[in-house]
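Just so it is clear, none of the values below were taken in a lab; they were calculated from the coordinates. Everything numeric in this text was worked out from a predicted model, so none of it was measured. Methodologically, a virtual Cβ is constructed for each residue, glycine included, from the backbone with ideal geometry; neighbour enumeration extends over all protein chains shown.
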Amino acid sequence: MIQNKMKGTGIALVTPFTKTGEVDYKGLEKLINYCINGGVEYLVSLGTTGESATLTKEEKHAVIDFTIEKTSKRVPIIAGFGGNSTREVISDIQKFHFKGIDGILTVSPYYNKPSQEGIFQHYKAIAEAAPVPVILYNVPGRTSSNMKAETTLRIAHEIENVVGIKEASGDFIQCMQIIKGRPKDFVVVSGDDNITLGLIAYGFDGVISVVGQAFPSNFSEMVRHCLKGDFENARNLHYELNDITDMLFAEGNPAGVKYALEVLGVCEDHLRLPLVDISEGLKKKMKEAIVKLDAKIMAH
């Protein structure tokens with residue numbers, strides 16, 4: 001069951017690019033190995049952090065196929081298949097082979113601002129078309145449309161092939177309502193790095209993380225401490241990463257984490273328009289913080 005495999009830290013992988021804007025497959029391979037060797041539980045390819053909105057369909061398929069090949073079954077892989085046209089998302093799903101994919105993460109429809117009934121029907125249609133388990137993704141800060149707890153729970157109880165949610169509303173009351181009313185095997189993971197500790201205390205099962213790919217060992221260890229109820233050790237690791245996590249999102253994602261990955265020697269810091277590099281001032285602050293934290297990690 002993919003739900004059991006999602007208990008812990010998943011990584012929302014960036015898509016590395018070359019200076020000329022092509023997909024940097026050498027950088028992607030290095031990133032995959034860096035995260036797996038860092039102890040994360042699973043990988044998520046082509047989410048928001050992967051700049052999927054700027055990739056062609058051919059590039060998306062190539063990136064997923066490459067990720068499957070280089071992961072080589074060491075950890076599960078969840079692939080992003082989402083959009084604001086239900087018909088188009090279903091068409092994309094029907095055209096993909098899904099060999100080596102454990103589940104799909106699909107974002108709640110954006111821009112259209114559908115009603116709660118529209119969101120329900122969107123996910124029902126996708127779940128019926130998907131050959132693998134479906135994980136919902138609620139991120140109203142990006143979609144301008146919040147999937148309410150009642151809708152999430154209705155989907156969880158009524159649509160068999162939907163097995164979990166990445167909840168990134170930042171609304172603690174909504175999060176608690178989902179945890180309280182969810183079916184037994186419905187997995188709920190955080191989509192917000194900096195509040196993951198608190199959400200796991202409420203009953204969340206883990207996180208799909210951005211900062212975790214820059215510091216996979218520290219972050220995944222923090223999550224494991226949380227899941228064991230060892231919040232004293234978890235807090236220490238949380239606060240070690242807290243300032244850097246804030247910096248990573250200060251001028252947008254994945255611009256911040258891509259710069260961090262370049263500082264750490266994992267892959268180069270290039271984005272596709274309309275995204276641009278973070279400012280020089282933030283780079284300076286971030287580099288100082290990363291070097292300091294990296295030295296602390298090496299000392300341990």
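Positive contributions from Lys and Arg (+1) and negative ones from Asp and Glu (-1), summed over other residues with Cβ under 14 Å from the Cβ of D230, come out at +1. Under 10 Å from the Cβ of A149, count the other residues' Cβ atoms, weight Lys and Arg +1, Asp and Glu -1, and hand me the total. Here the charged neighbours net out to +1. With coordinates expressed along the principal axes, the C-alpha atoms belonging to the stretch 171-300 extend over 45, 39, 21 Å, beginning with the largest. Over all other residues within a Cβ to Cβ distance under 14 Å of V210, the charged ones net out to -2, with Lys and Arg as +1 and Asp and Glu as -1. Run down the lysines and flag those whose C-alpha is under 28 Å from the C-alpha of K73, throwing out any fewer than 8 positions away in its chain. Qualifying lysines at Cα under 28 Å: K5, K7, K26, K30, K57, K60, K95, K99, K166, K184, K228, K258. Computed as a quarter of the hull surface, the mean projected area of the alpha carbon convex hull for the stretch 1-49 stands at 3.9 nm².
Taking the empirical scaling 2.2 N^0.38 Å for compact globular proteins as reference, the chain has a Cα radius of gyration ratio of 0.94.
Beta bridges from DSSP with both residues in the stretch 2-230: antiparallel share about 5 percent, rounded to the nearest 5. Within the same chain, aspartates and glutamates fewer than 8 places from K19 are excluded, and of the rest, those with a Cα less than 13 Å from its Cα are E262, E268, D269, D277.
Here the Debye sum runs over all C-alpha atoms of the stretch 37-101 as equal scatterers in vacuum, and log10 of I(q)/I(0) at q = 0.25, 0.28 Å⁻¹ comes out as -1.19, -1.40.
What is the gain in length, in nm to one decimal, between D294 and D246 on full extension, counting 0.36 nm per residue of separation less the C-alpha to C-alpha distance?
Working: separation 48, 0.36 × 48 = 17.28 nm, distance 1.68 nm.
Roughly 15.6 nm would be gained on extension.
Taking the chain as a Gaussian network, Cα atoms linked when under 10 Å apart, which of V276, V40, V63 shows the biggest mean-square fluctuation? Of V276, V40, V63, the most mobile in the Gaussian network model is V276.
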